[in-house]
Amino acid sequence: MAGRKSDFTLTKLDDLFSTQEQRDEEKLSIEEFYAKYGTPVVTTNLYDTDGFIGLLSEINSFIQNGNLKSELQYLMDQTEQAKETHRMEIVNDIYKKLHDLDYFLLRYGPKDVAKYVEDDSTVSKYYGTLPFY
């Protein structure tokens, strides 16, 4: 992406050793250094959209309440939509639905939780996405 700024910096190879002697002893190329000391990047994400949809589908198969079943189906559909379009508005709607379902399923509300957190700007909010709660 052109013009994108990062808000982090990578550690220089020389900064990874505490003494010059250590640097001199190693005499590794960058590729050799990361092969020896680097942490492999994991390319499998168990919590990607397909995994999330699969989890919701599994949960939904046990649900008997029609209202809750339709809300979970809505979440699966919206998650698929977010995967295809990458639209932030859809992800935000998913967040709000999950937030409200948290209150509904666990039967607590903002007054129960807000007193235990410093920033109650989100926890003390019910978005009203559930027509039955």
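Values in this text are rule-based calculations from the coordinates and carry no lab data. Remember, predicted model here, so these are calculated numbers, not experimental data. Methodologically, a virtual Cβ is constructed for each residue, glycine included, from the backbone with ideal geometry; neighbour enumeration extends over all protein chains shown.
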Exercise for the section: State the number of lysine pairs found in the stretch 46-133 whose Cα atoms come within less than 23 Å, restricting to pairs 8 or more positions apart or on distinct chains. Expected result: 13
Exercise for the section: In Å³ and rounded to a whole number, note down the convex hull volume per residue for the Cα atoms of the stretch 24-133. Expected result: 193
Problem - Calculated FRET value between GLU58 and TYR34, using beta carbons and R₀ = 41 Å, to 0.05 - result: 0.60
Practice task
Using packing as a proxy for protection, rank 67-73, 43-49 so that the peptide with the highest average count of other Cβ atoms within 10 Å comes first.
Solution key: 67-73, 43-49
Practice task
Kindly state, to the nearest 0.05, the FRET efficiency for SER124 paired with ASP48, given R0 = 35 Å and r defined as their beta-carbon distance.
Solution key: 0.70
Exercise for the section: Calculate the spin-label point distance for LYS27 paired with ASP102, positioning each point 7 Å from the Cα along the beta-carbon direction, and give it in nanometres. Expected result: 5.6
